[in-house]
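Heads up: the structure comes next, in structure tokens.
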Amino acid sequence: MAAGYGATEPESKSATEVTADALTDLASRVDALSGELGLAAASLRRGSEDARTVGYRLADHNGTLQYLAAELKGAAADLVHITTAREPGRCPVEWGACPEHGATLRYIANEAITRCTRPGCARTWTRDASVLPCGEPVTHSVVESTGDHVEFCVGHAVDARARLIGATITALNAREA
Ligand SMILES: [Zn+2]
Ligand SMILES: [Zn+2]
């Protein structure tokens, strides 16, 4: 097994050194490769019957490269999101929330989109909010019945109101006023 991938291994430093720009650059190279492959496949399909057979085989892989380029762009966007989400003043919850309905989000893998599942709510997110940290600006102070204090975004404050019995939830701007 490769070092650094086990659950008990310490986090690999090199893993965090891949930047969003590097992934975007990789995506453009895959895009270019996809273009070249498309041209080669089209050219083969215009040739002899034998060439056409080979051309159709290659054409199947053009979609694979386009999918890979889209995945790389999505991964770059995820890295940007995570970097922002870890800054001070950002909601610390490890998954997303609808600002109106709370913990109602579901990622639809085949659409590569996260939707709020509450009927009538049209909000969507282009990232997988079930595995990526929330990262919205904090708006509410939550003091749990145990005395623990956390600060949440508006969506997670909505969720805490529904879920945390006996918690005191206050808007931060109201408290400062
Ligand atoms: Zn909603
Ligand atoms: Zn949040």
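All of the numbers you see were taken from the coordinates with simple rules; none came from a lab. Keep in mind that what you see is a predicted model, and the values were worked out from it rather than measured. Quick reminder, even Gly has a Cβ in these numbers, built from the backbone with ideal geometry, and neighbours come from all protein chains shown.
The table that follows gives values for the structure above.
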| read-out | value |
| --- | --- |
| Length-normalised contact order of the chain in % [C-alpha pairs under 8 Å, at least 6 apart] | 17 percent |
| Trypsin sites (Lys or Arg not before Pro) lying in DSSP loop within segment 18-115, provided at most 13 other Cβ fall within 10 Å | ARG46, ARG86 |
| Length gained when the stretch TYR67-SER130 is fully extended (0.36 nm per residue, less Cα-Cα span) | 20.6 nm |
| Tilt relative to the chain, helix 154-163 - C-alpha long axis, 0 to 90 degrees, to 10 | 60 degrees |
| Distance between modelled label sites at ASN173 and ASN110, nm, 7 Å Cα→Cβ extension | 4.1 nm |
| GLY135 long-range amide H proximity, modeled H, under 5 Å | CYS91, VAL93 |
| Within the chain, helix-based [θ] at 222 nm, where runs of 4 or more DSSP H residues each add -39,500 (n - 2.57), nearest 500 | -15500 deg cm²/dmol |
| The chain: proportion of alpha-carbon pairs further apart than 24 angstrom, % | 57 percent |
| Sites matching GluC sites (Glu not before Pro) across segment 10-93 that sit in DSSP coil, with at most 15 neighbouring C-beta atoms within 10 Å | GLU11, GLU17 |
| Degrees, to the nearest 10: 49-85 long Cα axis against longest axis of the chain | 20 degrees |
| Helix 20-45 vs. the chain, principal-axis angle (Cα, 0 to 90°, nearest 10) | 30 degrees |
| Rg ratio (alpha-carbon, reference 2.2 N^0.38 Å) - segment 16-85 | 1.46 |
